[in-house]
Amino acid sequence: MNQSDFDHQEQLELDRLADELEASFKNPTLSDGFADLLQARLQEHPWSFRGAIQNNRVLRLAASLLVITTVVGPISALVVLIINAEPEKSVVPIWDLPTFEEALTQEVQPKDDLAVPPLDTSLEEAFGLDWHEAVAQSNRMALIMRQWTEANQDVAFDTPAMAPGQMNWTDADLEAIQSEFERRCLLGISSPPPSSLAERILQLPAGVAEGQAWISAWQWVLNGPGVDAPVFF
C-alpha cells in the first residue's frame, strides 16, 4: 500500500511497528498464499488522487494553494488595470452670457404663474379669538400677574392644582373664578382663558367688581385697551 494512503501520524506508528517486528523476527516464514492475499487486498483498494487528497493533509494544502494562486492572479491584474485607468474627463458646458448692455436692455417678462400660499387660519382661530388678540391678551395677563405677585409676595398660598377647577364656567360662582385667577397667577399661566370662563368674567355686574381688584384686572386683560396695565394691586 502506498504511503500516501495514510496520514503522517499513522505512517510513523506503522514504521515503529515494522521496526519492532523486524527486530523480533529476523527471517520470518510467510504462510502459504500470503503473497496472493496481499496482492488481492491491494487491488481491492487501488490508489487514487481523490483518495490521496482526502487522506493526506499536505496534498490538500498544496491543492488549495494551487487553486488560490490560479484565481488571485487574474483578479489582481484586473484590479491594477482599474486603478491605473485614466479618469474620464468631464466636459463643462459653456453658455453664451449676454453683455452688460444687452442685460440692461433686455425686456423683463411678467410672471403669470405666481403661487399664492394657502391661508392658515389655525392660529387665528386659537381660543376662538383672532391670533393677534390672543397674543395681546397673553401679554396683558403677564403684566397683571407681575403686579399680583409683587403685591402678594408675603402671602402664603396653598400649592395650586395643575388642572382647572371646572371645565364649564357658565354657572361658576365668584369664589371659583377668583380661585382660578389665583391658580393661573401662581403657576404663571398667561394664556387666554377658555371661552366659557371669559364670557362669565365679562358678564359679572359692574357692582361686583367694586373692591375686587382681580375682577377689574381680568376684565382689562380680556377687553384692554392697550398694553400699558393700570395699577390694580
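None of the figures in this text is laboratory data; all of them are computed from the coordinates on show. Just so it is clear, the model here is predicted, and its values are computed rather than measured. Please note: Cβ atoms are built from the backbone with ideal geometry, for glycine as well, and neighbour counts cover all protein chains shown.
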Work out how much length L38 to N55 would gain on full extension: take 0.36 nm times their residue separation and subtract the Cα-Cα distance, in nm to one decimal. 4.0 nm
The farthest towards the positive end of the charge dipole of region 3-83, of the residues L65, L21, L42, given +1 on Cβ of Lys and Arg and -1 on Cβ of Asp and Glu, is L65
If you filter region 175-231 for GluC sites (Glu not before Pro), then keep DSSP loop positions with at most 13 other Cβ within 10 Å, what is left? E210
Considering only H132, Q166, T149, whose Cα is most displaced toward the positive end of the charge dipole of region 126-223, charges sitting on Cβ of Lys, Arg (+1) and Asp, Glu (-1)? H132
To the nearest 20 debye, what charge dipole does region 126-223 have about its Cα centre, counting +1 at the Cβ of each Lys and Arg and -1 at the Cβ of each Asp and Glu? 260
Run through every distinct alpha carbon pair of region 126-223 and return the Kirkwood hydrodynamic radius in angstroms, one decimal place. 13.9
Sort W131, W220 by Cβ crowding within 10 Å, fewest neighbours at the top. W131, W220
Under a point spin-label approximation (7 Å from Cα along Cα-to-Cβ), what is the S76-F157 distance to one decimal in nm? 8.4
